[in-house]
1. Would you rank 216, 181, 222 by solvent-accessible area, highest first, keeping every protein chain in place and using a 1.4 Å probe?
2. Going 7 Å from the Cα of residue 191 toward and past its Cβ, which residues in the stretch 154-174 have a backbone nitrogen under 13 Å from where you end up?
3. Keeping every protein chain in place, order 54, 189 by accessible area at 1.4 Å, biggest value first, i.e. largest first.
4. So if R0 is 22 Å, what FRET efficiency would residue 97 and residue 141 give, r being the distance between their Cβ atoms, rounded to the nearest 0.05?
5. In square angstrom, rounded to the nearest 10, how much accessible surface does residue 3 have for a 1.4 Å probe?
6. Cα to Cα, under 18 Å, and not fewer than 8 places away if on the same chain: which aspartates and glutamates meet these conditions relative to residue 101?
7. Under 16 Å from the Cα of residue 154, which aspartates and glutamates turn up, not counting those fewer than eight places away in the same chain?
8. Compute the accessible area per residue over the stretch 60-116, keeping the other protein chains in place, probe 1.4 Å, unit Å².
Amino acid sequence: MPYKLLIADDERDITDMLASYFRRRGCDVLTAYGGEEAIALSAREPDLILLDVSMPDVDGLEVCRRIRQDVACPILFLTARVEDGDKLRGFAAGGDEYIVKPFSIDVLGAQVEAHLRRDSRRAAPARLRFDGDLVINYSDRTLRFQGREIPLAKKEFDILAFLSQNPGLVFDKDRIYERVWSYDSEGDSSVVAEHIRRIRGKLAAAGAKRYIETVWGCGYRWSR
């Protein structure tokens, strides 16, 4: 299976050049031209991220901080200049290495290969969803908002996972009950509304928006 790389740089010429180079070397490549796009694409389980430090919307250091709790792969910063203070901030954010521009693309390729070879973390990548400041880790069944974990009971997480993996689709209480509890369970679909009320309460207490919408007369959906 080919390695998957995420390359994020607002200089499109650099991003496209690197993407072309690594595709020729047999890699699957995701490209982002800004920080928010890089955060969203991080959920697609890259094996390594090349991340420009200076991007206009969300800079590379902030991107690294926001995804590092949930993304275990190596993160290599790309930067035009770097001083000791910059390195310390980058390593503190969770970066693994600094690549200074201009760089030799063949040397960069060798550095990427070295990180991929020795990175054992790729053996069990997490399944993630990034939605702004909200991060859902389906693998370890955790929910975080702005870096802080929101504790959910088992059925609460099951409902949240089911809805968030089907954004925009409307499910009535019976369908959610069937999916989460199964029809063999004792009880009825009325428990769904109470569990969703609790999930909403926990999200609201953390300062998050209302991700689970009510479609009156139909059911519930995860907002797009």
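1. Values: 216 220, 181 40, 222 0 Å².
Descending accessible area places them as 216, 181, 222.
2. Counting backbone N atoms under 13 Å from the label point, the list is 154-159.
3. Values: 54 80, 189 25 Å².
Final ranking, largest accessible area leading: 54, 189.
4. Values: r = 31 Å, r/R0 = 1.42.
So, using R0 = 22 Å, E works out to roughly 0.10.
5. Residue 3 has an accessible surface of roughly 80 Å² with all protein chains in place.
6. List returned: 9, 10, 11, 13, 16, 52, 59, 83, 84, 86.
7. Reachable aspartates and glutamates: 140, 178, 194.
8. Working: 2580 Å² over 57 residues.
Result: 45 Å² of accessible area for each residue.
The values are calculated or read from the model by the stated rules, or taken from the named source; none is laboratory data. Not measured: the values here are computed from a predicted model. Every residue, glycine as well, gets a Cβ built from its backbone with ideal geometry; the counts of neighbours run over all protein chains shown. Accessible surface areas use protein heavy atoms only, side chains included; no ligands, DNA or RNA. Shrake-Rupley method; radii C 1.70, N 1.55, O 1.52, S 1.80 Å.
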